[in-house]
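Student: My structure is below; once you've seen it, I'll send some questions.
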Amino acid sequence: MWIEDGTFQKRSVLTVSPEVLNRHDYTCIIQHSSLEEEMVLQVSDNRVLSEHTVRAPIPAIMHVAVALYKLGSCAECRVISNQFGIHKSTVKKFVYLFCKGMIQSPIKQLIKVPNEVETLELVRRFEAISRIPQIMGLIDGTHIPVLPTTDGYRDCVNRKGWPSYVLQGVVDDKGCCKMPGSAHDATVLHQSELFQKAHLLPKGVKNIEGEEVRLLVVGDPAYPSLDWLIKGYTNSPNVTPEQESFNVYLSSLRASYFPQDHTGEHIAEALQDALTSWKLNLTALVAITTDNRAKVVKAVQLNSWMRMQCFGHRLHLAIGHGMDDARITRAISLFKKVVSTFSYSWRKRRELAEVQMQLGLPSHQLITETTTRWGSRLLMIERVLEHERALSKVLSADMMIGEEYGTLSCVRPVLHLFNTSLLAPGEEDGELCKSIKTSIVNYLNNRYADPSTSDFLDIASFVDPQFRAKYIQSEKTDSLKQSCFGGRVSAQLSEQMFV
C-alpha cells in the first residue's frame, strides 16, 4: 500500500490462496511526507487477505491514526471506536499491532546512536550554545501516566503523587527504558540498555589544556557521575563562584538557543522554526496555549494562530486578585519578613537547624514566595506554620541578646563618635576631605536635631546597659532618670514607635 498524503491513498489488495501464503513472506511499504524514508512492515498471516474476505479492509492510514489517537489522548477504546466507526476490540488490536510493529523495525531506525559525522555536528552545536566542549547529548526522563494494578500501585506513584512509568532518553540539541514512577533516575539509568552498552558510545577524545576529554552526555543532579556522563555541582553553601558559573553554562544546554532580542517578531519566527524542526504541519495547528505576556501574545497574533490562555496561569492570577485584601496583605507581609530574616542570615539558619533538632522537627529550610512559581505563597505559609515553635524560640532568644546587633540605642553613640573622632576634621586632612566630613556630620546632626527625636534617642541609649549615660549630656541625666523611672517612658516610647 502506497500512501501519498493524509487525504489520498493508493490501495492495492492482494488475494492469495493458503498454499501460496505458506510459501512466501509479504511486506507492506508505506511512503509519507512525514517520513525521511519509506517504512517497511512485515505482514503477518492474519493481516493478509484470503479469498474468503467479505468486506473491504480498513486502510493502513486508519490503523496508524487510531493508534496515535489512543496513545496521544489516552481515551477509552469505546470513545475512539465511535470516532472512527469501528469496534472497540478493533481499536485495541490496532494499537497492539502498531506498537509491536514500531518496536520490531522502525523504532530501531529512528532511535539510534549517531555516527561519527553526526556526533561531530552535535558537539559543534552544543558548544555554540553553552561554550562547553565535548557534549554530544542530554539525558533525562519524563513521566507517562498509567493505571497500575492494586498490588503495584504504590511502586508506580512518583514524587508528584500520581502513578506513572518513567521514560528515559538521550536527545540532541533540538530536542529508553520503562520503570515504575517511584524509581529514582539513577536506578532507571542502571537498568537501561544505554548503561549496559555505554562502551559502544562514540568516544571522540580531544585534548583540552593537557587533559584527554572524551565525548560526554549531560544529566541533572539525580544522575551519577560517570566517565561518559557529566552533571552540575550540587547546590550547597560550599559551592565556589567558578562551580556556580559552570552550573549556569551547563543549564543553558537544556534551553533552546535564542540569541536574538525577545521581541514579538523574533518569538513568532522561533515558534515556526520549532514546529518545522519537529516536522509538524503548520496548517494543521489548531491552537496554542500560552501565558498572557505581551510579547508572546503578539507572536501568536503575527502567526495568525488561535491562542488559548493557560487555565493554570489564569487561575493563579484569579487567586491573587481574590487575596487582594488589606488583612491578608498584612499577614503575608509578616510571613515574608520572617522568611527573609532567616534567608539573609547564615547564623539564624544555623540556630534554626539546632532548635529543629532539639524539638524533633524535620530539618527543612524556609520557602520564599516567588511570583513566577505558582503555589509558592501557600508553600511558604505551610512551612512557617510547620516550624512555628522553632522560629519563635530562635527569634525570642534573638531579642534577649539585642546587644549583638545594631538597634536604636546605638544611634546616639554613633553620632557622638562621628562628631568627636571618626568624622572630625584633622590637621592632616586636605580641604576637600574636611569639606566632605563636615558636610556628612552637619547633615546627620540636622536630621536628628528635632527635640522630640533627640530626647527619644537619649532615652533609648540610656536604658541600654551597654551605654547608659556615657554619650548623654550631663545636664540631661537627671531628667532622663526621672522620665525612665517615673513611669512616663512607656507612653512616650509607644507614641514614637507607632506614629
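The values are calculated or read from the model by the stated rules, or taken from the named source; none is laboratory data. None of these values were measured; they are calculated from a predicted model. Glycine also receives a Cβ, built like all others from the backbone with ideal geometry; neighbour counts cover every protein chain displayed. Note: areas computed on protein heavy atoms with side chains; ligands, DNA, RNA excluded. Shrake-Rupley method; radii C 1.70, N 1.55, O 1.52, S 1.80 Å.
Student: Please state which of the following conditions E211 fails to meet, knowing it meets all the rest: (1) under 18 Å from the mean Cα position of the chain (by Cα); (2) open to solvent by 90 Å² or more (accessible area, probe 1.4 Å).
Tutor: (1)
Student: Right, something else. Could you run through the stretch 76-116 and say how many residues are within 20 Å of V218 (Cα to Cα) and part of a helix (DSSP H, G or I)?
Tutor: 1
Student: Please specify each residue of the stretch 70-82 satisfying the condition of being exposed (fewer than 14 other Cβ atoms within 10 Å of the Cβ) and not hydrophobic (A, V, I, L, M, F, W, C).
Tutor: Of everything in the stretch 70-82, those that are exposed (fewer than 14 other Cβ atoms within 10 Å of the Cβ) and not hydrophobic (A, V, I, L, M, F, W, C) turn out to be G72, S73, E76, R78, N82.
Student: Next question. Given the condition in a loop (DSSP other than H, G, I, E, B), more than 27 Å from T290 (Cα to Cα) and open to solvent by 80 Å² or more (accessible area, probe 1.4 Å), answer yes or no: does some residue in the stretch 319-341 qualify?
Tutor: No, the stretch 319-341 contains no residue that is in a loop (DSSP other than H, G, I, E, B), more than 27 Å from T290 (Cα to Cα) and open to solvent by 80 Å² or more (accessible area, probe 1.4 Å).
Student: Right, here's the next one. Can you work out which of the residues in the stretch 241-265 that are assigned to a loop (DSSP other than H, G, I, E, B) and of a type in the set (S, T, Y) is least open to solvent (accessible area, probe 1.4 Å)?
Tutor: If we take residues in the stretch 241-265 being assigned to a loop (DSSP other than H, G, I, E, B) and of a type in the set (S, T, Y), then T263 is least open to solvent (accessible area, probe 1.4 Å).
Rundown of residues vs (1) crowded, with 16+ Cβ neighbours inside 10 Å; (2) more than 23 Å from H199 (Cβ to Cβ); (3) at pLDDT below 80, yes/no style:
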residue	(1), (2), (3)
F98	yes, yes, no
Q104	no, yes, yes
Q109	no, no, yes
L122	yes, no, no
I129	yes, yes, yes
I132	yes, yes, no
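Student: What about D220, is it open to solvent by less than 50 Å² (accessible area, probe 1.4 Å) and charged (D, E, K, R)?
Tutor: yes
Student: Taking the stretch 281-309 only, how many residues are β-branched (V, I, T) and not in a helix (DSSP H, G or I)?
Tutor: Of the residues in the stretch 281-309, 4 are β-branched (V, I, T) and not in a helix (DSSP H, G or I).
Student: It is to be established whether one or more residues within the stretch 266-280 are assigned to a loop (DSSP other than H, G, I, E, B), in contact with a helix residue (DSSP H, G or I) (Cβ under 7 Å, 6 or more places away or on another chain), among the aromatic types (F, W, Y) and open to solvent by 90 Å² or more (accessible area, probe 1.4 Å).
Tutor: no
Student: Follow-up question, since we're still on this one. Just to be sure I understand the filter: pairs with C-beta atoms under 8 Å, separated by 6 or more residues or on different chains, first member in the stretch 369-382 and closer than 20 Å to R293 by Cβ, second member at pLDDT below 85 and among the β-branched types (V, I, T). Which pairs pass?
Tutor: Cβ pairs passing all conditions: S376/T370.
Student: Within the stretch 338-357, can one find any residue that is of a type in the set (A, V, I, L, M, F, W, C) and in contact with a Phe, Trp or Tyr (Cβ under 7 Å, 6 or more places away or on another chain)?
Tutor: yes
Student: What number of residues within the stretch 445-499 are of a type outside the set (S, T, Y) and at pLDDT 70 or above?
Tutor: 29
Student: Mind checking which residues of the stretch 425-459 are touching a Lys or Arg at 6+ places or on another chain (Cβ under 7 Å) and within 23 Å of S479 (Cβ to Cβ)?
Tutor: Of everything in the stretch 425-459, those that are touching a Lys or Arg at 6+ places or on another chain (Cβ under 7 Å) and within 23 Å of S479 (Cβ to Cβ) turn out to be L457, D458.
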